[in-house]
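Below: the structure, in structure tokens.
The values are calculated or read from the model by the stated rules, or taken from the named source; none is laboratory data. For clarity, every value in this text was computed on a predicted model and none was experimentally measured. Positions of Cβ are generated from backbone atoms using ideal geometry, with glycine treated the same way; all protein chains shown enter the neighbour counts. Note: accessible area is taken over every heavy atom of the protein model, side chains too, but ligands, DNA and RNA are not part of it. Shrake-Rupley method; radii C 1.70, N 1.55, O 1.52, S 1.80 Å.
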Amino acid sequence: SSLRSKLVNYAKQFLGNPYVWGGDSLNHGVDCSGFTKKIYSNFGYYIPRVSRDQACSGNKISISSLKPGDLVFYGSSSYISHVAMYIGNGRVIHASNPRDGIKISNLYYRNPIKCVRYIYE
């Protein structure tokens, strides 16, 4: 949908910007859940600040039904430690780590443990 492509294109504007744990500036430093929260809020979707809360408040979907803009959560077993946004073609965009900042990765760069949808249209 057009909203989904707008979300992805907006997120891509921040590629290469810094990762800062606890940060909430898309330009000056943001962490993984701050990144997804800021991207969503730009389009009027207000989601929780922390990745574990983001994973619990959206609607769980299967990995095979991912659409651009849906959120993908990573961690170990049921402990969620990271969130990324699916952008299509088996890829995610995320505030990765202090070394890489905001980047695009393969969906399976780590083991996805949950996928969540907030956008229905």
Among the residues of the stretch 78-85, are any outside any helix (DSSP H, G or I) and touching a Gly at 6+ places or on another chain (Cβ under 6 Å)?
yes
Reported set for the stretch 24-61 where residues are surrounded by fewer than 17 Cβ atoms within 10 Å (Cβ to Cβ) and within 16 Å of Lys103 (Cβ to Cβ) is Asn27
In the stretch 108-121, residues that are surrounded by 18 or more Cβ atoms within 10 Å (Cβ to Cβ) and either out of contact with any Leu (no Cβ under 8 Å at 6 or more places or on another chain) or small (Gly, Ala, Ser) (or both) total 3
Under 7 Å by Cβ, and 6 or more places apart or on different chains, what pairs join a residue from the stretch 52-77 that is touching a residue at least 60 places away in the same chain (Cβ under 8 Å) and farther than 17 Å from Asn89 by Cβ with one that is buried (at least 20 other Cβ atoms within 10 Å of the Cβ) and of a type in the set (S, T, N, Q)?
Gln54/Ser33; Gln54/Thr36
With Ser64, Ser76 as the choices, which residue is at pLDDT below 95 and either open to solvent by 10 Å² or more (accessible area, probe 1.4 Å) or among the basic types (Lys, Arg) (or both)?
Ser76
